[in-house]
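Structure record follows, encoded as structure tokens.
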Ligand SMILES: C[S@@+](CC[C@H](N)C(=O)[O-])C[C@H]1O[C@@H](n2cnc3c(N)ncnc32)[C@H](O)[C@@H]1O
């Protein structure tokens, strides 16, 4: 019912008014937006930050976006804050229709970095993970084919609203594509829903992180994913590193770890 009303408003209202109403409805996002605009990020002008924020809302208007602007701005701020001397690409695992990709590509472009995007482009894989409730009491269920965005659709969204020139897309199941990926990485953003997918990403991507690099997961509200992050043996035996300090674990949806060694 609400979705129908929303698409009706989208059709009848002038775009700037509709975007303004969207911003008001998601008023909790206004605080991180204001904080991002007032942050002093070296070599990034207020004009560049304003353009990013404007695009964030335009992308939400046009592309299905299962994330908050706060989550996205946290990663954008991280991308923009690394000193240019630090080498490494940005990696996104799990892009759905390309909304998050388009947003991150704006920051990758300013930072002069490549954004490597891993996805099946067929949605969530076949799985038997017994997801039920997330840590906040909401429902969690991930069936084969959920969150499907075809590669051409994603590319078209990123080309329209982001900067496709700095993006590289790697299509396939993470288990098949990630073992061959060997480039230095400075920042990773995981939004992959499944514990099995998270395991694969941590196993192959964490060792590639440069010292001082950061890995985020937007799935910190899912108990089965948290089990992976909390598993000391998995970190030591499969990732090859001691479990790092994981910020926000068990408390917030967007968790992160900085690689200190
Ligand atoms: C929630 S969606 C990502 C949403 C996106 N980050 C956004 O905010 O717009 C999860 C994505 O993970 C991908 N995915 C999950 N497990 C995967 C796997 N094992 N291999 C490849 N892709 C996978 C799905 O195809 C889907 O696009």
### Message
Restricting to region 162-175, and then to whatever is part of a loop (DSSP other than H, G, I, E, B) and more than 9 Å from the ligand (Cβ to nearest atom), can you tell me which residue is surrounded by the most Cβ atoms within 10 Å (Cβ to Cβ)?
### Response
162
### Message
Against the definition (within 12 Å of the ligand (Cβ to nearest atom), part of a helix (DSSP H, G or I) and in contact with a helix residue (DSSP H, G or I) (Cβ under 8 Å, 6 or more places away or on another chain)), how does residue 75 come out, yes or no?
### Response
yes
### Message
So residue 159 ticks every box in (1) within 18 Å of the chain's Cα centre (by Cα); (2) within 14 Å of the ligand (Cβ to nearest atom); (3) part of a helix (DSSP H, G or I) but one. Which box is left unticked?
### Response
(2)
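A quick yes/no check of all residues on (1) surrounded by fewer than 17 Cβ atoms within 10 Å (Cβ to Cβ); (2) not in a loop (DSSP other than H, G, I, E, B):
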site	(1), (2)
221	no, no
225	no, yes
228	no, yes
243	yes, no
251	yes, no
256	no, yes
### Query
Given (1) closer than 20 Å to residue 156 by Cα; (2) part of a helix (DSSP H, G or I), where does residue 47 come up short, assuming only one miss?
(1)
### Qualifying positions in region 140-156 - more than 16 Å from the chain's Cα centre (by Cα), part of a loop (DSSP other than H, G, I, E, B) and either without any contact (Cβ under 8 Å) to a residue 60 or more places away in the chain or near the ligand (Cβ under 10 Å from one of its atoms) (or both)
141, 142, 143, 144, 145, 146, 150
### Task
Go through the residues of region 18-38 one by one and say whether even a single one is assigned to a loop (DSSP other than H, G, I, E, B), away from the ligand (no atom under 16 Å from the Cβ) and surrounded by fewer than 13 Cβ atoms within 10 Å (Cβ to Cβ).
no
### Query
Does region 113-137 hold any residues that are away from the ligand (no atom under 13 Å from the Cβ) and closer than 23 Å to residue 153 by Cβ, and which are they?
114, 116
### Message
When you scan region 92-112, do you find a residue that is within 15 Å of the ligand (Cβ to nearest atom), within 17 Å of the chain's Cα centre (by Cα), part of a strand (DSSP E or B) and under 16 Å from residue 225 (Cα atoms), even just one?
### Response
yes
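We did not get these values from a lab; they are worked out from the coordinates using the rules stated. Note that the coordinates shown come from a computational prediction; the quantities given were computed from them, not determined experimentally. Note: ideal-geometry Cβ built from the backbone for every residue, glycine included; neighbour counts use all protein chains shown.
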